[in-house]
Structures are given as structure tokens and as C-alpha cells.
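Data block below; observations after.
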Amino acid sequence: MSGLDAPQFVPDEPNANSGKSGRRGRRAGPKSSLPWFGSLGQLDFEIEFFGRLLERTSDEIEVLRVLAELVARKGDVHRAVELDSRLVQLLPDDFLARYNLACSFALAGRADDAIDSLSRAILLGYDDLAHMEGDPDLESLYGNPDFQALLGEE
């Protein structure tokens, strides 16, 4: 069987071919030569992929941005803080890098650092206060008086 042939049906459950309707299965294609590929979900695969890419290009801005977003989505907030901090070191005047670092700090429970980073993002030109006010990453700051002051709602 070549890699161009139609994938075979592989049942998810034993006896999936018992004739009962409504059973679902997954498609089995050619095996990957990389042992780690088959065991990872999509998000984990992307994190692994961009992590390996970052190992080769340690200061590639877009790779850092994407990887930081992915690890934050996965819930690895400490790694997101580390990656976003690297971005801010590389791009000290980038308001989006500062904003993303603030989000990572907020998710990590570091309110003071998050407020500081948000303040700097605003000073550098970040002006989407409506987004900031409803950003779920910043939810831990909603009741913070310093956060409210940044929004102009003192």
C-alpha cells in the first residue's frame, strides 16, 4: 500500500464493526517516521514543532510570538511569561509584546507585574482599551483599582 492509497478505517472501540449504526472511528494513514508525532494532540504538536524551531532560531520574533501564544493557550503560564519576557527584551518598544507579557503575568497571578506591563504598553501606543477591558486573560485584574485607573474608570 502506498501513501497515496485511501486510509483504512480503524474503529475507536472494540466491535465497532458489529453493524450498529452511529459508531465513529478514526482514519489511519501511513505511520509517521517521527515517534512523537502520533501521540500528540494538535496543540501539543504545534508547541513541540515551534519549540524545536525555536531551538534552531533562538531569537526569531514570529516563532517566539506563536510559541508564547500556544503555551499560554495550553495553560503553561510560567513558560508563556518566559517567552513573552524574551520578546520584550528583543522588542522593548513593541506595545503588543508588552501587552502580551501583561496577559501572561495576569494569568500567572502576578498582578503588579501585569499592571506595570500594561502601563508600558499604553505609553508605547496600545490604545484598544475596550479589548483590554474584556480580555479574558486579564480577568484576574478586573477588580484591581490600578487596572481600573488604566481604563480611566477610577
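One residue is enough: does region 91-104 have a residue meeting the conditions of a type in the set (Asp, Glu), farther than 18 Å from Asp137 by Cα, outside any helix (DSSP H, G or I) and at pLDDT 55 or above?
As a first pass, look at region 91-104 and keep what is of a type in the set (Asp, Glu): 93-94.
Now narrow it down to the ones that are farther than 18 Å from Asp137 by Cα: 93-94.
With the extra rule that they be outside any helix (DSSP H, G or I), the set shrinks to 93-94.
Adding the requirement that they be at pLDDT 55 or above leaves 93-94.
Among the residues of region 91-104, at least one is of a type in the set (Asp, Glu), farther than 18 Å from Asp137 by Cα, outside any helix (DSSP H, G or I) and at pLDDT 55 or above, which makes the answer yes.
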Does region 26-45 contain at least one residue that is outside any loop (DSSP other than H, G, I, E, B), at pLDDT 80 or above and of a type in the set (Gly, Ala, Ser)?
no
Within region 129-152, is even one residue within 23 Å of Asp59 (Cβ to Cβ) and either under 16 Å from the mean Cα position of the chain (by Cα) or in a helix (DSSP H, G or I) (or both)?
no
Would you please list the contacts, defined by Cβ atoms under 7 Å and residues six or more apart or on different chains, that run from a residue in region 113-130 that is on the phi < 0 side of the Ramachandran plot to a residue that is surrounded by 13 or more Cβ atoms within 10 Å (Cβ to Cβ) and outside any helix (DSSP H, G or I)?
Ile115/Asn144; Leu129/Leu151
Is region 123-140 home to any residue that is modelled with pLDDT of 95 or more, out of contact with any His (no Cβ under 8 Å at 6 or more places or on another chain) and among the hydroxyl-bearing types (Ser, Thr, Tyr)?
yes
If you go through Arg120, Arg52, Arg73, the only one that is surrounded by 13 or more Cβ atoms within 10 Å (Cβ to Cβ), part of a helix (DSSP H, G or I) and of a type in the set (Lys, Arg) is Arg120
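The values are calculated or read from the model by the stated rules, or taken from the named source; none is laboratory data. Note that the coordinates shown come from a computational prediction; the quantities given were computed from them, not determined experimentally. Reconstructed Cβ throughout: ideal geometry from the backbone, glycine too, with neighbour counts over all protein chains shown.
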